[in-house]
1. Quick one: LEU232 ticks every box in (1) in contact (Cβ under 8 Å) with a residue 60 or more places away in the chain; (2) of a type outside the set (Asp, Glu); (3) closer than 21 Å to PHE25 by Cα except a single one, so which number is it?
2. Test PRO183 against the stated conditions and say whether it is out of contact with any Gly (no Cβ under 9 Å at 6 or more places or on another chain) and of a type outside the set (A, V, I, L, M).
3. Residue check: is GLU242 within 17 Å of HIS160 (Cβ to Cβ) and loosely packed, with under 15 Cβ neighbours inside 10 Å?
4. Restricting to the range 116-142, count the residues that are of a type in the set (Val, Ile, Thr) and either more than 25 Å from ALA235 (Cβ to Cβ) or surrounded by fewer than 16 Cβ atoms within 10 Å (Cβ to Cβ) (or both).
5. Out of all the residues in the range 1-52, which are closer than 28 Å to ASN221 by Cα and of a type in the set (S, T, N, Q)?
6. Every residue in the range 196-216 that is in a loop (DSSP other than H, G, I, E, B) and either of a type in the set (Ser, Thr, Tyr) or farther than 18 Å from VAL83 by Cβ (or both), please.
7. Assess whether ALA181 counts as being closer than 18 Å to SER139 by Cα, buried (at least 17 other Cβ atoms within 10 Å of the Cβ) and in contact with a Ser or Thr (Cβ under 7 Å, 6 or more places away or on another chain).
8. Look through ILE88, ILE17 and report the one residue that is hydrophobic (A, V, I, L, M, F, W, C) and touching a strand residue (DSSP E or B) at 6+ places or on another chain (Cβ under 7 Å).
Amino acid sequence: MKLTGNTILITGGTSGIGQALAEQFHQRGNTVIIAGRRQAELDRITAAHPGMQGIQVDLTDAEAINAFAARIRNEFPALNALVNNAGIMVAEDHVNGSDAMAIAERTIQTNITSVLQLTASLLPSLMKQPAATLMATTSGLAFVPRAQYPSYCGSKAFLHSWLQSLRQQLRGTSVQVLELAPPYVQTELTGAHQATDPHAMPLADYIAEVMQLLAVPEPPNGEVLVERVKLLRDAERKGEYEKVFGFLNAD
């Protein structure tokens, strides 16, 4: 992926990995559009980074996604990079919890359905560009799940498989398909505690390593993997799946 001269849309751009990526690309002179649910956060971030654009969208609303995609096509015809980063991670208790199904449905809509819908709406525009990138954020937990978060882990495993198929289908086009699979990073994905958890990878360190990996023209298998996530990514291949699964789910 080229790191300059792009028009990039990043969903989930008001916090965590999405915001950090947006800031890095903006610093490199790209036209960056961030999307998120909270208008106040969009305003705060774009005010701090003149030239960055912020557009509010509710990714649980199919009609809102269609309207949002139409706006992007109309206002940013040079769009050549889509980063599907928005996602939620909520614990589900299928033994004692009464809201497990509601959480699962919300997770699937946010983490899977909205990604497919937005991609389908914008892919024709990306394919018109001489060089374009489609990237989605999955997780190391796509490869070895934490049982506390079944729908989240399942949604990321789905995206991993979907990206593989999409990469094959688009191999003869101008669109590069990338998978960003983070390890446990200091963000607020599961709550404020995660942002300061010493066991999590510092966000700045993660983003710095990611930007180095994105500079490689063709990441192996289209996967953007920092060193810290390879324990999960390679667990099955190395015959260590049960060991790593047991470690993740020791509690």
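1. Just one mismatch for LEU232, condition (3).
2. The answer is no for PRO183.
3. Working: within 17 Å of HIS160 (Cβ to Cβ): no; loosely packed, with under 15 Cβ neighbours inside 10 Å: yes.
In short, no.
4. 2
5. THR4, ASN6, THR7, THR11, SER15, GLN19, GLN24, GLN27, ASN30, THR31
6. Selection gives ASP197, PRO198, HIS199, ALA200, PRO202.
7. yes
8. Details: ILE88 fails: touching a strand residue (DSSP E or B) at 6+ places or on another chain (Cβ under 7 Å).
Testing whether each residue is hydrophobic (A, V, I, L, M, F, W, C) and touching a strand residue (DSSP E or B) at 6+ places or on another chain (Cβ under 7 Å) leaves just ILE17.
The values are calculated or read from the model by the stated rules, or taken from the named source; none is laboratory data. Note that the structure is a prediction, hence the values are computed from the model and not measured. FYI the Cβ positions are ideal-geometry reconstructions off the backbone, even for glycines, and counts take in every protein chain you see.
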